[in-house]
Amino acid sequence: MVEVVDHDIIIVGSGIAGLRAAIEIKRQDPSIDVAVISKVQLMRSHSVSAEGGTAAVLYTEEGDNIVSHAWDTIKGSDFLADQDVVWMFVKYAPSEIRQLERWGMPWSRRPDGRIAQRPFGGHAFPRACYAADKTGFYEMQTLYGRLLGFDNWTRYDEYYVTSIVIEDNSFRGVTAIDMSSGEMVFFRAYAGIIATGGAGRLYKFTTYAYTATGDGLAMAMRAGIPLKDMEFVQFHPTGLVPSGILITEGARGEGGHLLNAKGERFMSRYAPKAMELAPRDVVSRAIMTEIKEGRGLKEEYTGLEYVLLDLRHLGEEKITQRLPAVREVSIKHAGIDPVEEPIPIRPAAHYTMGGIHTNKYYQVLSTENKWVKGLWAAGEVAAASIHGANRLGSNSTTECLVSGMIAGHQAAQYVQKLKKEGAQLETPREEIESEEKRVYDKLLKTETSNVSVYDIREEIRTVMDRYVYVFRDEEGLKTALRKLREIRSLVEKSYPEDKSRVYNTDLIMSLEAANMADVAYVVTQSALNRTESRGAHYRIDYPRRDDENWLKHTLAILTREGEVQFSYIPVTITTWKPIERKY
Ligand SMILES: Cc1cc2nc3c(=O)[nH]c(=O)nc-3n(C[C@H](O)[C@H](O)[C@H](O)COP(=O)(O)OP(=O)(O)OC[C@H]3O[C@@H](n4cnc5c(N)ncnc54)[C@H](O)[C@@H]3O)c2cc1C
């Protein structure tokens with residue numbers, strides 16, 4: 001029997017979005033009982049590795065304003081962002097920054113003691129607030145510290161959530177494996193907030209933590225919830241070669257230059273005005289074009305081709321003060337001290353623009369565009385959509401804060417109302433039993449297949465790196481789909497070698513692999529489906545943006561038969577008509 005554990009609200013994910021949501025619920029009503037579930041120790045969520053900054057308008061007296069932040073975000077999104085959501089985002093962003101300040105965030109300072117801001121790609125004003133190059137780490141510390149000030153919430157570290165349980169279009173709870181015992185638990189609640197982050201680990205060359213396997217996205221689809229705009233994956237221009245570890249955009253914000261093998265600042269060819277601070281899609285394509293046209297360099301052991309990020313002219317003092325992690329990571333992982341030598345970099349998978357279909361209040365929507373009662377999504381896993389086809393750097397941590405705040409606020413009000421009405425928690429036995437079967441049949445089956453789940457994960461990443469990267473075309477995407485179909489059938493046949501229950505990481509890896517295979521398949525099919533180039537999605541065979549046919553969001557759902565079904569919804573355009581993007 002699956003143990004049933006009751007809470008008022010369940011938050012899946014303890015990154016910036018999850019923690020911010022938890023605080024907001026407690027601020028609304030300290031009597032609401034909250035569970036925060038994470039598959040890793042709470043503070044190991046990927047958010048701790050955010051480096052460069054968090055965007056918000058602070059100094060209007062110096063010329064910045066929210067109109068400019070909204071315009072930069074919408075232009076950056078290649079006009080696929082929903083403009084009403086962007087307006088709400090830029091309005092709430094400044095108060096989130098000041099709030100963190102009051103909760104103890106050690107922002108880097110200007111000489112006058114006020115919060116410092118640095119330039120970031122695609123932003124017309126230096127508006128990325130930062131704490132050296134460890135912004136996410138300090139934000140997580142600050143949020144966690146604030147949350148500790150409240151009682152009546154429980155953290156469930158190392159609980160792996162396997163399904164979102166929905167009945168009669170209402171959220172009922174989630175099933176999870178307690179990794180320490182291997183037993184399944186049904187967390188039952190009035191409301192749920194999914195804050196499981198992105199899916200960067202679908203790729204091999206990525207800046208993401210090993211945990212970013214897209215579980216929340218796959219679980220949503222299994223529960224019948226569509227994913228929006230999954231073809232849009234962001235490639236960050238500066239992944240350190242050969243590991244893929246992020247070299248923050250802050251390095252270019254502080255004045256770093258990109259050089260090809262001939263020593264040319266090649267960005268003058270692609271974005272003569274913005275140069276290295278053009279948006280990420282533009283810079284990544286520029287780097288890959290230099291490489292394709294033979295002006296790149298080649299790493300000896302991996303064969304990875306790259307260009308150079310030169311920080312030498314910034315000087316040792318600035319590099320050490322503003323970019324200490326960049327220096328440390330370059331020395332430790334590439335044997336290069338950026339004070340003396342340029343850093344080898346190439347585009348790395350970095351962000352999932354697409355995600356769970358929500359409205360502007362981060363309420364999760366069904367295929368009929370109806371709110372799934374009691375369910376919200378926040379942070380990177382949600383597609384509201386602010387970032388459209390391309391996210392601007394430093395806008396994601398801001399979205400985690402704003403969306404966490406909105407989802408938490410709403411969930412608290414919703415639960416207060418239900419409790420007043422005397423609503424009861426429900427246990428959909430059938431759904432739970434079928435999930436138990438899906439998970440434990442794998443574990444309990446005696447066969448040991450000769451298909452290693454580790455090989456499967458590696459194969460997914462190899463396919464995605466090769467065919468669903470910065471430049472895409474029909475032939476490559478079709479090859480990828482064929483390979484991913486084979487991989488999905490192998491996933492069905494693979495079993496964890498380890499049959500024990502206690503800390504069975506083999507089982508977790510298998511469940512993650514199944515999620516990765518589903519999400520990779522949907523990303524690839526969505527990329528094949530969109531026959532235009534927009535933002536981060538670039539089709540060599542359809543190099544133009546096609547507003548007539550494609551100024552719309554894609555909604556994708558994976559059927560039980562393994563087919564991806566698409567539907568479309570219009571982009572909300574309230575203020576600015578799409579124009580050609582030039583930087
Ligand atoms: C190296 C790096 C640097 C970045 N730098 C910046 C930056 O400077 N500025 C910026 O704005 N953005 C940056 N980003 C992007 C930004 O950090 C992320 O988009 C953001 O932190 C995501 O936060 P989140 O709260 O949505 O989820 P995450 O922080 O990714 O957390 C996900 C949570 O979900 C939990 N979870 C997932 N699946 C399950 C499951 N099945 N069961 C239980 N729990 C689960 C995890 O345990 C974790 O707690 C960076 C990203 C990376 C990778």
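Give the residues of the range 426-452 that are small (G, A, S) and in contact (Cβ under 8 Å) with a residue 40 or more places away in the chain, sorted by residue number.
S449, S452 - these are the residues of the range 426-452 that are small (G, A, S) and in contact (Cβ under 8 Å) with a residue 40 or more places away in the chain.
Scanning the range 440-471 for residues being crowded, with 20+ Cβ neighbours inside 10 Å and either of a type in the set (V, I, T) or on the phi > 0 side of the Ramachandran plot (or both) gives a total of 6.
When the range 306-324 is filtered for residues that are crowded, with 19+ Cβ neighbours inside 10 Å and either closer than 22 Å to S49 by Cα or basic (K, R) (or both), the ones remaining, listed by number, are L309, L311, I319, R322, L323. Considering only the range 147-158, I want to know if a residue exists there that is free of Cβ contacts under 8 Å to residues at least 40 places away in the same chain, over 29 Å from V364 (Cα atoms) and either outside any strand (DSSP E or B) or charged (D, E, K, R) (or both). Yes, some residue in the range 147-158 is free of Cβ contacts under 8 Å to residues at least 40 places away in the same chain, over 29 Å from V364 (Cα atoms) and either outside any strand (DSSP E or B) or charged (D, E, K, R) (or both). Summed over the range 179-200, the residues that are of a type in the set (S, T, N, Q) and within 7 Å of the ligand (Cβ to nearest atom) give a count of 1.
For the range 109-140, the set of residues classified as crowded, with 19+ Cβ neighbours inside 10 Å, farther than 27 Å from K273 by Cβ and away from the ligand (no atom under 13 Å from the Cβ) consists of I115 only. Residues in the range 277-302 that are over 19 Å from I540 (Cα atoms) and in contact (Cβ under 8 Å) with a residue 60 or more places away in the chain: L277, A278, P279, T302. Among the residues in the range 412-426, are any out of contact with any His (no Cβ under 9 Å at 6 or more places or on another chain), buried (at least 23 other Cβ atoms within 10 Å of the Cβ), assigned to a loop (DSSP other than H, G, I, E, B) and at pLDDT 95 or above? For the range 412-426, residues out of contact with any His (no Cβ under 9 Å at 6 or more places or on another chain), buried (at least 23 other Cβ atoms within 10 Å of the Cβ), assigned to a loop (DSSP other than H, G, I, E, B) and at pLDDT 95 or above: absent. Taking the range 354-365 as the range and being buried (at least 17 other Cβ atoms within 10 Å of the Cβ) and not hydrophobic (A, V, I, L, M, F, W, C) as the test, the residues that pass are G354, G355, H357, T358, K360, Y362, Q363. Scanning the range 36-50 turns up one or more residues that are under 30 Å from W576 (Cβ atoms) and assigned by TED's automatic domain parsing to the domain that holds K91.
Looking at the range 115-135, which of its residues are without any contact (Cβ under 8 Å) to a residue 60 or more places away in the chain and part of a loop (DSSP other than H, G, I, E, B)? Full working, then the answer.
Taking the range 115-135 and keeping what is without any contact (Cβ under 8 Å) to a residue 60 or more places away in the chain, we get 115-116, 124, 131.
Across the range 115-135, the qualifying residues are A116, A124, A131.
Taking (1) assigned to a helix (DSSP H, G or I); (2) within 15 Å of the ligand (Cβ to nearest atom); (3) under 30 Å from R429 (Cα atoms) in turn, V36 satisfies each apart from (1).
Scanning the range 445-486 for residues that are among the aliphatic types (A, V, I, L, M) and either touching an Asp or Glu at 6+ places or on another chain (Cβ under 8 Å) or assigned to a helix (DSSP H, G or I) (or both) yields V453, I456, I460, V463, M464, L477, A480, L481, L484.
Across the range 4-33, the qualifying residues are those that are aliphatic (A, V, I, L, M), closer than 17 Å to F187 by Cα and not in a strand (DSSP E or B), and the one among them that is nearest to the ligand (Cβ to nearest atom) is A22.
Matching residues to (1) in contact (Cβ under 8 Å) with a residue 24 or more places away in the chain; (2) touching an Asp or Glu at 6+ places or on another chain (Cβ under 6 Å); (3) on the phi < 0 side of the Ramachandran plot:
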residue	(1), (2), (3)
V40	yes, no, yes
R44	yes, no, yes
E51	yes, yes, yes
S68	yes, no, yes
K75	yes, no, yes
D82	yes, no, yes
A93	yes, no, yes
G104	yes, no, no
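Quick grid of which residues meet (1) away from the ligand (no atom under 16 Å from the Cβ); (2) hydrophobic (A, V, I, L, M, F, W, C):
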| residue | (1), (2) |
| --- | --- |
| G253 | no, no |
| V283 | no, yes |
| T289 | yes, no |
| L304 | yes, yes |
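Residues of the range 141-189 that are buried (at least 20 other Cβ atoms within 10 Å of the Cβ) and touching a Pro at 6+ places or on another chain (Cβ under 7 Å): V165, R172. In summary, L401 fulfils each of the numbered conditions (1) away from the ligand (no atom under 16 Å from the Cβ); (2) buried (at least 18 other Cβ atoms within 10 Å of the Cβ); (3) assigned to a helix (DSSP H, G or I); (4) not hydroxyl-bearing (S, T, Y) with the single exception of condition (1).
The combined condition, being over 19 Å from the mean Cα position of the chain (by Cα), within 9 Å of the ligand (Cβ to nearest atom) and on the phi < 0 side of the Ramachandran plot, is fulfilled by A176. Out of everything in the range 201-211 that is more than 6 Å from the ligand (Cβ to nearest atom) and touching a residue at least 60 places away in the same chain (Cβ under 8 Å), what residue ends up being surrounded by the most Cβ atoms within 10 Å (Cβ to Cβ)? Among those that are more than 6 Å from the ligand (Cβ to nearest atom) and touching a residue at least 60 places away in the same chain (Cβ under 8 Å), it is L202.
The values are calculated or read from the model by the stated rules, or taken from the named source; none is laboratory data. As the structure is a prediction and not an experimental result, all values here were calculated from the model. When we count neighbours, we look across all protein chains shown, and the Cβ atoms used for this are built from the backbone with ideal geometry, even at glycine.
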